[in-house]
Each structure stands twice: as structure tokens, then as C-alpha cells.
């Protein structure tokens, strides 16, 4: 999820946008504090369509893909045929249990 300075898009105030997954962040080279173009998919879901790299400062940091689950007990894994990273703790992870 991207946190944005609130902006009116088609009569709707938008302050968050989906980033889909880390592959999408890497492909679009989205960095912390970047200026971005936001669109609404299906006129509903805000997403970052592109980065305005002309406004990027040299000190803007790249996102680091986490290798540990926020619970601190398990590793984050990504299967070769998937785009989503997940905790390898499965049902043993207290955070995964919250989403069941």
C-alpha cells in the first residue's frame, strides 16, 4: 500500500494506492518519497501508474523486500511461480492466524 498526499481524482479524495506486489514496485522503480501518477482502475481502485523521475532526489531510498515476517519468528518466502511473498510459518504464524 502506498501512502499519498491526499489528491482529488474524479471527485474522490485519494490518500492510498495499491502497489500490488514487490515485483511491481521493482519494475516501476518506485522509491520512498517519489512523485507518482495515480489512476483509478475500473474508476475505483487507485494504483500508481508511473513515477515522475524528473522530481526524484538522489537520496530517495529503494524499497527493501523483507526477509523476515513481522512476527519475527519466520522467514518470508516467494515461490518461483508466484508474485506474492508470504510467511513460511503458515498456521503457526500469529499474524497469519489473525487473517483467518
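What follows is calculated from the coordinates using simple rules that are stated; it is not laboratory data. Quick caveat, the model's predicted, so the values are computed rather than measured. Using ideal geometry, Cβ is built from the backbone for each residue, glycine included, and neighbour counts are taken over all protein chains shown.
Using only the Cα atoms of the range 2-53, construct the convex hull and provide its projected area averaged over every direction, in square nanometres to one decimal. Walk me through the numbers before you get to the answer.
Values: hull surface 13.6 nm².
Taking the Cα atoms of the range 2-53, their convex hull projects to 3.4 nm² on average.
Say R0 is 30 Å: what FRET efficiency, to the nearest 0.05, do residue 92 and residue 26 get from their beta-carbon distance? Mind showing how you got there, number by number?
Working: r = 29 Å, r/R0 = 0.97.
The computed FRET efficiency comes out at 0.55.
Can you give the percent of C-alpha pairs in the chain whose distance is more than 19 Å?
Above the 19 Å cut-off, the chain has 54 percent of its Cα pairs.
Given a Förster radius of 25 Å and the C-beta distance between residue 40 and residue 5 as r, what FRET efficiency does 1/(1 + (r/R0)^6) yield to the nearest 0.05?
Using R0 = 25 Å, I get an efficiency of 0.95.
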